[in-house]
Amino acid sequence: MKINIKNKKEIKKMRKVGKLAAEILDMIEKYVKPGITTEELDNICKNYIKYTQKAKSACLGYHGFPKSICTSINDTVCHGIPNKTTLKSGDIINIDVSIIKNEYHSDTSKMFFVGKIKKKNEYLCKIAKKSLYNALKIIKPNIYIEDIGYNIQKYVESKKFTIVREYCGHGIGRKFHEQPQVLHYKTTNNQIKLKPGMIFTIEPMINMGTEKTKIMQDGWTVKTKDSNLSAQYEHTILVTNFGCEILTLNKSDNIKSKLINI
């Protein structure tokens, strides 16, 4: 397994594209309201990426994916295709943006609340975000990748939620998906030590009910098997000499961009 260790020039490019990805989530927030369709959200992001950022969507056309962002509402776990669906007050929605600028990729997502949502649904999102933050706070050179998954699983299950098994974080750089895979649950076959210069995503998908999922007829949209809600937050991160740096920090994040974990 070849894991690309980024050099200073590559890290500089990854910082720039990561900042752009975060800006999209900041920009779209004011539009996430009852009455708007996910297709309209996609068009806003598509135009912002193309004309304001002079970048490209990494999603559009990827293995045939037809839109520029993923919009996953309520019981949709991931890869929701923007369409004519209208957002309603009480919905929770994950918007996942992946872009390319100067040949390098970045990937990030967050949850948005539509109007007033139920307390239990807000709590699910809170735990999903905290599970990501907890993982970020242990990242440093020489820990094992499997430690990340164990940390997430231990926290999430202590809150009586479940973790989706079929999808994981991944290395990222010149390619959208690189090595290593970053599982969000305990495993014993991921004995890879982190090294400074590694860049990858962490993106745990947390379910209110069963962890089991199903793929819909469009071949992309993933839903929970029991129709309970799902929530996800994602960041692209760089392993540093003393911890990690979040390359996709957005305005709603309440964590520092550079974490010293040693």
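Within the range 38-70, restricting attention to residues that are in contact with a helix residue (DSSP H, G or I) (Cβ under 9 Å, 6 or more places away or on another chain) and closer than 17 Å to K88 by Cβ, the residue that is surrounded by the fewest Cβ atoms within 10 Å (Cβ to Cβ) is E40. Meeting the requirement of 3 or more residues that are not small (G, A, S), the strands (runs of 3 or more DSSP E) wholly within the range 206-245 are 213-215, 222-224, 235-239. From the list G90, G35, the one residue that fits, being touching a residue at least 40 places away in the same chain (Cβ under 8 Å), at positive phi and over 17 Å from the mean Cα position of the chain (by Cα), is G35. Annotation for the range 77-87: at least one member residue is farther than 15 Å from E234 by Cβ, of a type in the set (A, V, I, L, M) and buried (at least 22 other Cβ atoms within 10 Å of the Cβ).
Please enumerate the residues belonging to the range 21-66 that are touching a Lys or Arg at 6+ places or on another chain (Cβ under 6 Å) and under 26 Å from I246 (Cα atoms). If the condition is that a residue be touching a Lys or Arg at 6+ places or on another chain (Cβ under 6 Å) and under 26 Å from I246 (Cα atoms), then L25, D26, D42, A55 are the ones that fit. With the structure loaded, tell me whether V164 is crowded, with 19+ Cβ neighbours inside 10 Å, touching a Gly at 6+ places or on another chain (Cβ under 6 Å) and hydrophobic (A, V, I, L, M, F, W, C) or whether it fails that test. Against the criterion (crowded, with 19+ Cβ neighbours inside 10 Å, touching a Gly at 6+ places or on another chain (Cβ under 6 Å) and hydrophobic (A, V, I, L, M, F, W, C)), V164 does not qualify. Within the range 2-27, if we keep just the residues that are surrounded by 19 or more Cβ atoms within 10 Å (Cβ to Cβ) and in contact with a helix residue (DSSP H, G or I) (Cβ under 9 Å, 6 or more places away or on another chain), the residue that is farthest from V97 (Cα to Cα) turns out to be K6. Taking the range 96-126 as the range and being surrounded by fewer than 21 Cβ atoms within 10 Å (Cβ to Cβ), part of a helix (DSSP H, G or I) and not aromatic (F, W, Y) as the test, the residues that pass are K119, K120, N121, E122, K126.
Computed from the coordinates by the stated procedures, all read-outs in this text should not be read as laboratory data. Treat the numbers as computed from the prediction; the structure is a model and nothing was measured. Methodologically, a virtual Cβ is constructed for each residue, glycine included, from the backbone with ideal geometry; neighbour enumeration extends over all protein chains shown.
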